[in-house]
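The values are calculated or read from the model by the stated rules, or taken from the named source; none is laboratory data. Keep in mind that this is a model prediction, so the values were computed, not measured. Here the Cβ is made from the backbone with ideal geometry for all residues, glycine too, and neighbour counts use every protein chain on show. Calculation scope for accessible area: heavy atoms of the full protein, side chains included, ligands and nucleic acids excluded. Shrake-Rupley method; radii C 1.70, N 1.55, O 1.52, S 1.80 Å.
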Amino acid sequence: MRHNNWSCAKCNNNEFDTGEIRVSGGFWSRIFDVQNKKYTAVTCSRCSFTEFYKGSSSTLGNVFDFFTG
């Protein structure tokens, strides 16, 4: 993806890929295998530098909208 509002902090490239990961938050979440934390990953297409953005589903949608809008 290419977007003029985002540029890589390492190499200034403005092409990137996005993804989502889910992780457990604490001791009980790990014991019961509950992955209750969501992060959006934005990875530079050139140097692979990755930034993670934490948030709820609506927040993640806003991050995607910002980069693709």
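For this structure, a couple of remarks:
- Of the listed residues GLU51, GLU20, the order by accessible area with a 1.4 Å probe, largest first, is GLU20, GLU51.
- Extension gain, ASP17 to SER45: 0.36 nm times the residue separation minus the Cα-Cα distance gives 9.4 nm.
- Residue-count net charge about GLU20 - beta-carbon cut-off 12 Å; Lys, Arg +1, Asp, Glu -1: +3
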